[in-house]
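Worksheet: the structure to be examined is printed underneath.
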Amino acid sequence: MAADTAVVPALRADSPDGSAADNIFRQFCRYLAVAYLLSAVGLSGAIAMSTDVVPVWWTAASVLSIYGSAAVMFATSFQRPDIERIRWAATVLVIGYGLTIATWPLVWNGDQLDAGHGMWFTQFNGFVAATAALILRMRWSLPYLAYVVISVQFVNEAVRTPAYDSSVMTEIAWSFCLSAMPYAVVVAAMRSGRILDATRKRSVRAAAEAAASVARAGERSRFDALTHDGVMSTLLAAARLPMSEALVRQAVETVDKLDVLASGANVATEFGIETALAEFRGATGEIDDAVRVHASIAPDISDQRYPGDVVRTMSAAAAEALRNSVRHAGPDARRRVDVAADNDVLRVSVSDDGVGFNPKSVPGNRLGLAVSIRGRMEQLPGGKAEITASPGAGTTVSLSWKRP
């Protein structure tokens, strides 16, 4: 028996190119790396001038840790989807810049620069604060922003000649305003990326759970239909009729179908028009081998393919309609099965001229109509079942499917 369970598949909520947060991180690293490298060109004179007040080796080490890391950031930003190398380069840059500020007082020789801009590394602290916002949460990146903004102004206050002196607090306030803008943009963008990723994961999980629910409902419908068509019919026949080869064959086929359902085997495939007709003939022949299937095939559809679940579902519903006719239409009723095939369209009609019935008088919970015929067809996108009958005028069950 098919278990009433469904496994939610392993989810991959991110895109093949990485999550939204990762893509935002990569783009910002690329833009910031370009800004760093352009600043290296613009500040080359200031870098050379700074060797008058600090050792050359210290300047070289600082330039390498900052601009070398920026070059690595730029190069690795084109590698997808992994961002760990970019993250490492950005981390080295942020740490290197912090160490540059922290060690500057230790290597400064006490001389001053006759330059209004001060030390070269004080000119792009806003870029570094934005880089810190990429790799650190706000509770860490915000103190880092305050550290670099305040520290570089005291460095400039110490190294510039008195001719360029200005209020330190004014410089700090101005620097903070300029640095806070790119920092805030990065923080907001990264937060939006994380929210988008979380929303995407929730949506994918909800879709997977909905699909699992549909799969469980489908399994229940298949089991209900098989129980009615096979198990109940076989048991009723065994109780009412003498043992026969047909009854044994029906019992064996029912057990085989239950085994397939229990195994969860995926038998989905496609049918050409001839194999589809063979499926209809086989399904109805199991019920009444005296009834022929009359086919009406549109021209030029020899290459038409129909989904396997559509053909099997319609053949099972047609077989159930024929079984109902055999049971209820009366001993003198004549039966007919018609199949019409066209491009992306299948129609099956099972009709008899028997005693008929009033469809409105049939309870909705009758499995023969509700599950084995209507329920089956409603499971198919594009499927429909119509039952036309009246007392004394026979019954026609019309099944149709049109590719959505």
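Derivation of every value follows stated rules applied to the coordinates shown; laboratory data play no part. If you're wondering where the values come from, they're calculated on a predicted model, not measured in any experiment. When we count neighbours, we look across all protein chains shown, and the Cβ atoms used for this are built from the backbone with ideal geometry, even at glycine.
Observations on the structure shown:
- 121, 176 arranged by Cβ crowding within 10 Å, fewest neighbours leading: 176, 121
- By average C-beta atoms within 10 angstrom, highest first, the peptides 312-323, 385-396, 84-95: 312-323, 84-95, 385-396
- Prolate/oblate/rounded label for segment 20-202 (Cα gyration tensor, a/c 1.5): prolate
- When 279, 157 are arranged by Cβ crowding within 10 Å, least crowded first, meaning fewest neighbours, the order is 157, 279.
- Extension gain, residue 327-residue 202: 0.36 nm per intervening residue step, less the Cα-Cα distance, totals 39.9 nm.
- The residues 174, 58, when put in order of fewest to most other Cβ atoms within 10 Å, stand as 174, 58.
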